[in-house]
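Below is one structure, written out as C-alpha cells; comments come after it.
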Amino acid sequence: MTAPAHTRTSDELIRAEEPVLAHNYHPLPVVVARAEGAWVEDVEGRRYLDMLAGYSALNFGHRHPALIEAAHHQLDRLTLTSRAFHNDRLAEFAERLARLTGQDMVLPMNTGAEAVESGIKVARKWAYEVKGVPADRATIVVAADNFHGRTTTIVSFSTDETARSGFGPFTPGFRIVPYNDLAAMEAAVDETTAAVLIEPIQGEAGVIVPDDGYLAGVRELTRRAGCLFVADEIQSGLGRTGRTLAVEHEDVVPDVVLLGKALGGGIVPVSAVVGSREVLGVLRPGEHGSTFGGNPLAAAVGTAVVELLESGEFQRRAAELGAVLREGLTALLGAGVVGFRSRGLWAGVDVDPAIGTGREISERLMREGILVKDTHGSTIRLAPPLTVTEDELRSAIGSLEKALAS
Ligand SMILES: *Cc1c(COP(=O)(O)O)cnc(C)c1O
C-alpha cells in the first residue's frame, strides 16, 4: 500500500474537522487513508490491525477482492433505477438471501435503522391485519440496554439516556423488559403484542450473550402468545458468531430477521428485512419504500456477500478463530481482564477499572497498532474481520496483554 499524497497531517485533519463536523462521535485519534483485508493505514503510513471491522460492517475485511469486483462490474453497467422500475439484479439477491436465511421474502432497505423501522412497521401491520389487534393499539416488547439504531422511533425504546435525552417526544407502543429474562417477557406480552424485538446477542451493551435456552424460549413464548419474533441480527448476523445467524446456535427460526452492516460488504449501505410470506406479505404497493433500497449496486454487492456466506467458509473461520480468541482472553483473566463474553469472533472484554477506562485501553492499543472500540465503562469489544489470520489474532491478544500490563 502506498500512502496517498496528503497535504495535511493526521493532527491537522483532526483539528480541521472540529469547527465543521457535528460532534456526534468521539473517534480515536487515528485518520485512516487506506485499507486492505484486516489492516488499515493512516495518513502518515502507520499500519493498524482493525479489530473492530466497522461494528461487523467489514466482516469480510476491507476491500475483499470478490466484493470489489462485483461492485466495479456493476458500476460499469447500472447503479440506480429506483423501485419505479425493475432492475436485473434484485431477483437474484432476494432469492439467494432468502435461501441463505431460511426465509420466504426480502424487503430491501439501506441502513440498519431503516431495517428496524421497517420491521416495526410490518409487525404492526401484521398485528392489525392478521392477528386482529384493534387499530393503533399494537405493542412491541423490547429488551433493556438494546441498541437498534438512532431514529426517533428507535430511541423511543432505548434505555440509554445519552441516546434519548433531548430528542422527545417519543413514539409510544413499546414495552421494555430486562434482557435474558423470559418471565419478564412473558408478563409483558398480551393480546396487543405484535412482536418481540431483540438482539440475539446485545452488541452495544457489551456483547451480552444470553443464557442457553433464552432464544429458544423467546421462540416458544412468541409462538404460544401468537406474536412475532423479530431478531435484530444487524451486528450478530452474517457469520460473526460462527453461524450465518446467531439464532442458529439454538436452532431458532424467527418470523422476521433484520440484517444490515456486513450485507453491504463494507462498500455500500445495504440492509434487509427477511421474513415469512405471512408477515412481509402484508405490504402492498405504496405502503412502504425507499428510493435507494434494492438498488442494483446494492443488490450486486449484497449478492456477492451472500455468495461468500453460501460456502460456509467464513462461518467456519469465525467458529475456529473464535476458539482461539476465547482461549487468549481466558489466559488474561486476572491479568487485567476481569471478565469477558464471546461468541465466534466477537468479544466484550471487561478490563479492571483500576487499569483504565475502555477509552484509555483503546488509546493504548492504538499506540500498539491495534484498533478497537470501547463500550460502557471499562469494557472494550473485539470484532475483527472474519478474514483475520490466526497469527494476526494471536498478535492482537498479545498487544492487549501488553496494553493491560503497561
Ligand atoms: C448498527 C446496528 C443497528 C443500526 O444500523 P445503522 O446502519 O447504523 O442504522 C441496528 N441494530 C443493531 C443490532 C446494530 O448493531
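The values are calculated or read from the model by the stated rules, or taken from the named source; none is laboratory data. In this text the structure is predicted, and so the values were computed from the model without any measurement. Counting neighbours? That spans all protein chains shown, and the Cβs are built from the backbone with ideal geometry, glycine included.
Look through 358, 334, 328 and report the one residue that is of a type outside the set (Lys, Arg) and on the phi > 0 side of the Ramachandran plot.
Details: 358 fails: on the phi > 0 side of the Ramachandran plot; 328 fails: on the phi > 0 side of the Ramachandran plot.
Among 358, 334, 328, only 334 is of a type outside the set (Lys, Arg) and on the phi > 0 side of the Ramachandran plot.
Answer yes or no as to whether residue 32 is in contact (Cβ under 8 Å) with a residue 40 or more places away in the chain and either basic (Lys, Arg) or surrounded by 14 or more Cβ atoms within 10 Å (Cβ to Cβ) (or both).
Working: in contact (Cβ under 8 Å) with a residue 40 or more places away in the chain: no; either basic (Lys, Arg) or surrounded by 14 or more Cβ atoms within 10 Å (Cβ to Cβ) (or both): yes.
Taking the combined requirement at face value, the residue does not satisfy it.
Name the residue that is surrounded by the most Cβ atoms within 10 Å (Cβ to Cβ), counting only residues in the stretch 252-274 that are within 12 Å of the ligand (Cβ to nearest atom), of a type in the set (A, V, I, L, M) and part of a loop (DSSP other than H, G, I, E, B).
If we take residues in the stretch 252-274 being within 12 Å of the ligand (Cβ to nearest atom), of a type in the set (A, V, I, L, M) and part of a loop (DSSP other than H, G, I, E, B), then 270 is surrounded by the most Cβ atoms within 10 Å (Cβ to Cβ).
Read through the list (1) of a type in the set (Asp, Glu); (2) within 25 Å of residue 300 (Cα to Cα); (3) assigned to a loop (DSSP other than H, G, I, E, B), then give the number of the only condition that residue 44 fails.
All conditions are met except number (2).
Just to be sure I understand the filter: pairs with C-beta atoms under 7 Å, separated by 6 or more residues or on different chains, first member in the stretch 186-205 and without any contact (Cβ under 8 Å) to a residue 60 or more places away in the chain, second member among the charged types (D, E, K, R) and surrounded by 21 or more Cβ atoms within 10 Å (Cβ to Cβ). Which pairs pass?
Sorted first by the residue in the stretch 186-205, then by its partner, the pairs are 198/232; 199/232; 200/233.
Would you please name the residue that is farthest from the chain's Cα centre (by Cα), looking only at residues in the stretch 341-353 that are free of Cβ contacts under 8 Å to residues at least 60 places away in the same chain and not in a loop (DSSP other than H, G, I, E, B)? Before the answer, list the steps.
Filtering the stretch 341-353 for residues free of Cβ contacts under 8 Å to residues at least 60 places away in the same chain gives 349, 351-353.
Checking the rest, the ones that are also not in a loop (DSSP other than H, G, I, E, B) come to 349, 351.
Numbers: 349: 18, 351: 23 Å.
Checked the stretch 341-353; the qualifying residue farthest from the chain's Cα centre (by Cα) is 351.
Would the stretch 177-199 turn up any residue that is more than 22 Å from residue 260 (Cα to Cα), assigned to a strand (DSSP E or B), within 16 Å of the ligand (Cβ to nearest atom) and in contact with a Ser or Thr (Cβ under 9 Å, 6 or more places away or on another chain)?
Checking the stretch 177-199: not a single residue is more than 22 Å from residue 260 (Cα to Cα), assigned to a strand (DSSP E or B), within 16 Å of the ligand (Cβ to nearest atom) and in contact with a Ser or Thr (Cβ under 9 Å, 6 or more places away or on another chain).
Report, by residue number, each residue of the stretch 299-326 that is touching a residue at least 60 places away in the same chain (Cβ under 8 Å) and of a type in the set (S, T, N, Q).
Within the stretch 299-326, 303, 315 qualify.
Give the residues of the stretch 44-61 that are surrounded by fewer than 20 Cβ atoms within 10 Å (Cβ to Cβ) and away from the ligand (no atom under 16 Å from the Cβ), sorted by residue number.
44, 45, 46, 47
If you scan the stretch 233-251, which residues turn out to be in contact (Cβ under 8 Å) with a residue 40 or more places away in the chain and either more than 16 Å from the ligand (Cβ to nearest atom) or surrounded by fewer than 24 Cβ atoms within 10 Å (Cβ to Cβ) (or both)?
242, 243, 244, 249
(1) at pLDDT below 95; (2) under 19 Å from residue 29 (Cβ atoms); (3) under 24 Å from the mean Cα position of the chain (by Cα): which one isn't true of residue 356, the others all being true?
(3)
Take the residues in the stretch 154-176 that are of a type in the set (D, E, K, R) and surrounded by 12 or more Cβ atoms within 10 Å (Cβ to Cβ), then tell me which one is nearest to the ligand (Cβ to nearest atom). Talk me through it step by step, then tell me what you get.
We begin by selecting, within the stretch 154-176, every residue of a type in the set (D, E, K, R); these are 160-161, 164, 175.
Those still in the list that are surrounded by 12 or more Cβ atoms within 10 Å (Cβ to Cβ) too: 160, 164, 175.
Numbers: 160: 13, 164: 16, 175: 19 Å.
Filtering the stretch 154-176 for residues that are of a type in the set (D, E, K, R) and surrounded by 12 or more Cβ atoms within 10 Å (Cβ to Cβ), the one nearest to the ligand (Cβ to nearest atom) comes out as 160.
What pairs come out if I take residues in the stretch 143-171 that are free of Cβ contacts under 8 Å to residues at least 24 places away in the same chain and pair them with residues that are part of a loop (DSSP other than H, G, I, E, B) whose C-beta lies under 6 Å away, six or more apart or interchain?
Short answer, once both residue conditions are applied: 155/167; 156/170; 156/171; 159/144; 159/145; 164/158.
Is it true that some residue in the stretch 69-79 is within 25 Å of the chain's Cα centre (by Cα) and under 27 Å from residue 367 (Cβ atoms)?
No, the conditions are met nowhere in the stretch 69-79.
Could you tell me how many of the residues in the stretch 120-151 are within 18 Å of residue 202 (Cα to Cα) and either small (Gly, Ala, Ser) or within 16 Å of the ligand (Cβ to nearest atom) (or both)? So that I can check it myself, show each step before the final result.
Keep residues of the stretch 120-151 that are within 18 Å of residue 202 (Cα to Cα), which gives 140-150.
So of that shortlist, the ones also either small (Gly, Ala, Ser) or within 16 Å of the ligand (Cβ to nearest atom) (or both) come out as 140, 142-150.
Looking only at that region, the number is 10.
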